[in-house]
Structures are given as structure tokens and as C-alpha cells.
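Q: Supplied in C-alpha cells, the structure appears directly below.
The numbers here are math on the coordinates, done by the rules we state, and not lab data. A quick note: this is a predicted structure, and the numbers were derived from the prediction, not measured. In this analysis, Cβ positions are derived from the backbone assuming ideal geometry, glycine residues included, and neighbour counts consider all displayed protein chains.
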Amino acid sequence: MENIDWKNLTFGYLKTNYNIRCYFKDGKWSDLEISDSEKFSIHIAATCLHYGQEAFEGLKAFRGKDGKVRLFRWDENSKRLQNSAEAVMMQPVPNEIFKKAVIEAVKMNANFIPPYGTNGSLYIRPLLIGTGERIGVKPADEYTFIVFVSPVGPYFKEGFRPVKMQIARDYDRAAPLGTGHVKIGGNYAASLRASERAHHEGFSSCFFLDSKTKTKIDEAGPANFFAIKNGVYITPKSPSILPSITNMSLRVLAAELGLKVEERDIMVDELNSFEEGGACGTAAVISPISEIQDRETGAVYKFASGNKEAGQWCKKLYERLQGIQYGEYPDTHNWCLEIEC
Ligand code: PLP
Ligand code: COI
């Protein structure tokens, strides 16, 4: 076990021992390579550097109450990376390679998995980049797939305490027929200015509205939005948001907990009527929201649950989700893959 202050981990990069690499060249994928270097060398005309041929994933492994290590829903992340690859004309990574590389990355860095009870987890970051050279705007014919890991704590420093969010109307993250529904670097580049401004102005993050009509909530830079009212779990349905695996799981758990589930448009005006609101994602898990301020109109939407602690449904959903991930609740959906390490 590494000598790390596990209880005070933030969502930052920490060097671990190894990362895993795999190369697509001459029409086929190579065997996996284990590297102890954090660096790699790349052609100056690689398409990832010029034309944004880049996609990534984020998933987590958890050290459970019983000492076992559980990987959460890797197959969904693998599928999504394939969708992202296809959206920007990259060579998709086959499921078997994704799975093998992720498991190997966890096993090779097992002493970096935070102990049970510290609230930490091992964040796994697979990435796929175009490494073949091109000068014209064309997809590459060579790709590199890398999986590295880092032990992490909460994404927002408040952890599970309610945060304030901002609506940014003067920026768009993604267009309806663009790339918002896949996990590629360009979407994050487009979200940086608004997100950094939100931080400077005292908010945890900002929500983007649908870029066509500017009337509906889309999502935050790193997380989906959900809300609760009158026994209903409501989350936006939009062509320009990332289909969050956490949100997908919460919809199942919400139904099991007795909530009705609706995926539909959420108009900004409706924010006033919610009892609870939250941001959800692999990194964020569930971040309860106390209020959302619309930077341009000055409107402030406060959720009935208030700013002291999370509302009852956010708490129940969080406990159930983390309970499955840490092996405290039965994994009835087979979401976790146990890894021997
Ligand atoms: N939305 C965006 C833009 C994200 O980057 C993420 C993080 O992956 C999410 C939502 C949450 O998705 P997931 O729950 O699959 O991590
Ligand atoms: C995740 O939740 O895995 C993300 O990728 C969000 C953010 C760190 C980009």
C-alpha cells in the first residue's frame, strides 16, 4: 500500500506505477504494452494534435468492505468509447482490448486503490488518439489507446455537500447535430471558458443550455443534471448531452426506490419547482445542488432541500449507488466486475 493521505485525496492526478498502451497500425491492434513512463513520443503531424481525433473515458474501481476490488460498468464505457471513436472517424477499440487493458491497469497499480472507508476510488482514464500523420483534414490510419489511473477523492471540493451552480448563456458547449453526445476532447475545450469563469465567480461549475433555443437545461461541463419533484426523477433528454452511465444507473435505482423516472426537456423556468437537484457523473458521483444562478438574467433558482445538506432522495440514491460500488449492497444488476488483486 502506498504512503498516501487517502482521506484527503482530491480529484487530481497522482503518479502511479504503470500505464497500458496498445497501437493500431497496418490494419490491426498490437498486443498490450505495459509502460512505467508517464510520457510518450508522438509525430508532429498526428491528427490528435491538429484535427481533434481524440476521445476518452472515465470509470472507477473501488476497494470494497470485503476487501474485493470492483470495477463499475466497464462494458458501458467501452461501448461509449466506440461511439466516440466512430463520431470522429477513429478506429474503435474492441471490447476485449478495452477490458483487458483496464483490468491490467488496475492490477498493475493495485497499491494505489484507496482503502475502504476513505471514500476514495481508483479513477481509470482510457484514451484513444489519432497518431498517424496527416496534413490535410482526413482521419489518421494509426491510433494509440492508453489506459492510465489515478487514486481520487471527490470531484467538487464540497464532496456530498450541496453546491451552487451557474447558468452560462453566452457560451455553447455543443450543437444539436454536433459532438455533445460523445466524449471527445473538443467538447471539454468548448466548456473551459465558461467553467473557469463560474469557478472564479464562486460556483462549482456551470450548466449549459440547449444551444438552439436557449430555453432548456442541457448539462454541466463534467456531469449530467437531474432533479426530483413530486416523487419523480427528472433528467434532460437532449441530443447534445453525454449519455452518463451514472445517470443511467441512477434511473434504475430511482425506479427501485419508488420514484417515477422521466427523461424529457427541462425548461429553465421549471427549475423553481424542483425539490432537489443534482449533478451526476463518474467523477462527481452525485453532487447535490442548493441553487442555480442564471448569470445573464440574474434569476436565482433555489431547491427546496436547501444548502445545509443533501435532500432525502439525493442521499438515498447516493447511498444505494455507492453501496453497490463498495460492495455494501447486493449488485443485483451485475454492474460490478470483481478484479483479483
Ligand atoms: N457529462 C459530461 C460532459 C461528462 O464529461 C461526464 C463524465 O464522464 C458525464 C456527463 C457523466 O458521465 P458518466 O456518468 O458516464 O461518467
Ligand atoms: C468523468 O466523470 O469521468 C469525467 O470524465 C468528468 C470529467 C473529469 C471530465
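Q: Mind listing the long-range amide H neighbours of Asn224? Cut-off is under 5 Å, sequence gap 5 or more, other chains count too, H placed in the peptide plane at 1.01 Å from N.
A: Cys280
Q: How much FRET efficiency would the formula 1/(1 + (r/R0)^6) give for Phe40 and Asn230, where r is the Cβ-Cβ distance and R0 is 45 Å, rounded to 0.05?
A: 0.30
Q: Mind checking which of Lys316, Lys28, Lys214 has the largest fluctuation in a GNM of the chain, springs on alpha carbons under 10 Å?
A: Lys28
Q: Counting only other residues whose beta carbon sits under 13 Å from that of Leu209, what net charge do I get with K and R as +1, D and E as -1?
A: After counting each charged neighbour, the total is -4.
Q: Which entries in Lys7/Lys183; Lys214/Lys260; Lys212/Lys237; Lys60/Lys237; Lys260/Lys302 show an alpha-carbon gap greater than 18 Å?
A: Lys7/Lys183; Lys214/Lys260; Lys60/Lys237; Lys260/Lys302
Q: For segment 104-113, take each phi angle, set θ = phi - 60°, evaluate the Karplus expression 6.51 cos²θ - 1.76 cosθ + 1.60, and give the result in whole Hz per residue in order, putting x for glycine and proline.
A: Rounded to whole hertz, the list is 4, 5, 5, 4, 5, 10, 4, 6, 9, 7.
Q: Amide H to amide H under 5 Å from Gln166: which residues, 5+ apart in sequence or cross-chain, H placed 1.01 Å off N in plane?
A: Answer set, sorted by chain and number: Ser205, Cys206, Phe207, Gln293.
Q: Hey, another quick one. Over the chain, how many percent of alpha carbon pairs lie in each 10 Å bin up to the one with the longest distance?
A: 6, 25, 33, 26, 10, 1
Q: A follow-up question, please. As a quick test, which of the pairs Lys65/Lys157; Lys164/Lys229; Lys164/Lys315; Lys39/Lys164 have an alpha carbon distance above 29 angstrom in this structure?
A: Long pairs (Cα-Cα over 29 Å): Lys39/Lys164.
Q: Tell me, how many Å apart are the Cα centres for segment 115-192 and for segment 271-308?
A: 22 Å
Q: In square nanometres, what is the average projected area of the Cα convex hull of segment 222-275?
A: Seen from a random direction, the Cα hull of segment 222-275 projects 3.8 nm² on average.
Q: Let me ask another. Test of the criteria: in segment 30-71, which GluC sites (Glu not before Pro) are in a DSSP loop and have at most 14 other Cβ atoms within 10 angstrom of their Cβ?
A: Glu38
Q: For segment 69-165, compute the orientation-averaged projected area of the C-alpha convex hull (one quarter of its surface), in nm².
A: Averaged projected area of segment 69-165's Cα convex hull equals 8.7 nm².
Q: What residues have an amide H closer than 5 Å to that of Val232, excluding those fewer than 5 places away on the same chain, when H is modeled at 1.01 Å from N in the peptide plane?
A: Lys260
Q: Let me ask you something else. Which of the aspartates and glutamates could a cross-linker span from Lys100 if the Cα-Cα distance has to be under 18 Å and same-chain partners fewer than 8 positions apart are dropped?
A: Those aspartates and glutamates meeting the cut-off are Asp31, Glu33, Asp36, Glu57, Asp75, Glu76, Glu338, Glu340.
Q: Please report the antiparallel percentage of DSSP beta bridges with both residues in the chain, rounded to the nearest 5.
A: 80 percent
Q: Next up: Below 14 angstrom from the Cβ of Arg173, what's the summed charge of the other residues (Lys, Arg +1; Asp, Glu -1)?
A: For residues surrounding Arg173, the net value is +1.
Q: If you don't mind, another one. If you build the convex hull over the alpha carbons only and average its shadow over all orientations, what do you get for segment 170-288? Give it in nm² to one decimal.
A: Orientation-averaged projected area of the Cα hull: 7.1 nm².
Q: To continue, here is another question. Could you tally the net charge around Ala87, taking each other residue with its Cβ under 14 Å from the Cβ of Ala87, Lys/Arg +1 and Asp/Glu -1?
A: After counting each charged neighbour, the total is 0.
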